[in-house]
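Each reported figure results from applying straightforward, stated rules to the coordinates on display, with no laboratory input. Keep in mind that this is a model prediction, so the values were computed, not measured. Every residue, glycine among them, receives a Cβ derived from its backbone with ideal geometry; neighbour counts consider all protein chains shown.
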């Protein structure tokens, strides 16, 4: 970024070579930023004018500073703190480290965007699948391996408790670099990761709120598992395979889930009650899909 040596070149015998400089307004228009933003960048030290007229207070910029402005706005968009940008500008070195940090942030942003696209694609796929099976009583579906972030429901089904636990899972997901896939519900029979012989888990009776997740770049499975445990949650990989499915409908949300849990009873293997969307659904009509692992 532009240092004092370049700034001195713009002043000859005490006179600013104004014909080689741009007013703050002209400079701002070149990249569509506001004059107010340029003044703020100057104030924090991220991008200083090439010349300031001491009498009028007018600011002038060199055309060479366009690349500096591009870098500053790019770093800001990527989330690099202005203080770091200003420190690099003041020191006159460290640009390589700052650029590498920007590259890493850009890669993370690309990872999140790709995950969000998959998130929307999965949502569209689930809607299509739900419509395909909505008129069937019992059927089978093939599922790929799924990653679930789960937390104990804690007692009989209660709508408010379910909502609180689900919200906690959604809030915790970004800290594990996980993207929720809009498919959620309750699970039983998830096996060893949840084994608690003092509370009946050996019989597959403990219910867990579950939200399907997608890892985002860069994902560290060990670190995510550790964070999940610290929050009283667990990451579970459901095996790919064939699931026997049935639909549960009710005009009452809690009743719908409780009826589903009563229906599946003790689970010898993974069983999920997943919320479903149907075209005919209303705020007072709830649909779940019971998914029992077959093979």
Note on the stretch 99-157: the mean projected area of its alpha-carbon convex hull, in nm², is 7.3
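Dividing the Cα convex hull volume of the stretch 213-256 by residue count, how many Å³ per residue is that? Could the numbers behind the result be given before it?
Working: hull volume 6.2 nm³, N = 44.
In the stretch 213-256, the Cα hull volume divided by residue count equals 140 Å³.
With the Cα gyration tensor of the stretch 18-102 giving a ≥ b ≥ c as the square roots of its eigenvalues, does the rule (a/c under 1.5 for rounded; else a/b larger than b/c for prolate; else oblate) give rounded, prolate or oblate?
Working: a/c = 1.96, a/b = 1.73, b/c = 1.13.
Because a/c hits 1.5 or more and a/b exceeds b/c, the stretch 18-102 counts as prolate.
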Square roots of five times the C-alpha gyration tensor eigenvalues of the stretch 54-144, ordered largest first and given in whole Å, equal 52, 15, 9
For the pair residue 139 and residue 223, the simple spin-label estimate (label points 7 Å beyond Cα toward Cβ) gives in nm 4.1
Sorted on mean Cβ neighbours within 10 Å (highest first), peptides 32-43, 68-79 come out as 68-79, 32-43
